[in-house]
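Please treat every number below as a calculation from the coordinates, not as lab data. The structure presented is a predicted model; accordingly, all values stated were derived computationally and were not measured. Neighbour counts are summed over all protein chains in view; Cβ atoms, including those assigned to glycine, are modelled from backbone coordinates with ideal geometry.
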Amino acid sequence: MKTDYVEILHIVVSVITISIAFSLFSGQFWLILITLGLGFVLHELAHKFVAQGYGAIAYYRAWTFGLVLALVLAVVTGGGFVFAAPGAVMIHGPHLTRSQNGKIAIAGAMMNFFLALGFIMLGTLTQYRELAYWGAYINAFLGAFNLIPIYPLDGQKVKAWNPLWWSVAAVILFGLLISIMFNIIPLR
């Protein structure tokens, strides 16, 4: 399989840009790079590999406007509000069914769910509590946010495929997010 250096460049630029945007005023660049970067990259790769498993052509492309918007909002709000739409996996597969599209869409959120669980385990088994908290929080947020059932988010495709699977995934991820936010799962 040939390496798509353009795709790698787009991923690296996206990860660095959103990490700068979210850490610009916090001084937590490395923490954000590890937690948000890992969650973002693996979320997108989950979409890509499931799509490829169905025989589709899939590759990540950055969205320049979304990256610039993230940086501008970070600067204008002093880091108080950052909206990041760094890019997406482009999927070309006219043969894909609604079911396959739904499964491709839910793969990203499920990746974030498992990453959040991994960070929770890290926080309970080690002293890396700050890393664990932010990793769990960011991944629960990414998964839950992407399940909002409006276009172009993944939730719209998941709900169109199977409302029950969408409901279960949304309840689990939003429940996990709330549990982390309100310290029901104590990581801090």
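When the helices of the chain are scored as -39500 (n - 2.57) per DSSP H run of n ≥ 4 and the total is divided over every residue, the value at 222 nm lands at -23500 deg cm²/dmol. One decimal place: the segment ASN162-GLU130 gains 7.9 nm when fully extended, by the rule 0.36 nm per residue minus the C-alpha distance.
If we count every other residue with Cβ under 13 angstrom of PRO149's Cβ, Lys/Arg +1 and Asp/Glu -1, where does the sum land?
Here the count lands on +1.
Number of Lys-Lys pairs in the chain with C-alpha atoms under 16 Å apart and a separation of 8 or more places or on different chains: 5.
Taken one residue at a time, the phi angles of segment 67-81 give Karplus couplings (6.51, -1.76, 1.60, θ = phi - 60°) of 5, 5, 4, 4, 5, 4, 5, 4, 5, 5, 9, x, x, x, 8 Hz. Gly and Pro are set to x.
Want the number for VAL13 to PHE49: 0.36 nm per residue separation, take away the alpha-carbon distance, what's left?
Extra length available between VAL13 and PHE49 comes to 10.9 nm.
Size estimate for the chain follows the Kirkwood approach: the inverse of mean 1/r over distinct Cα pairs works out to 17.0 Å.
Couplings 3J(HN,Hα) of segment 48-62, computed from phi: 4, 5, 5, 4, 5, x, 8, x, 8, 8, 9, 7, 7, 9, 6 Hz, in residue order, whole Hz [Karplus 6.51 cos²θ - 1.76 cosθ + 1.60, θ = phi - 60°; x for Gly and Pro].
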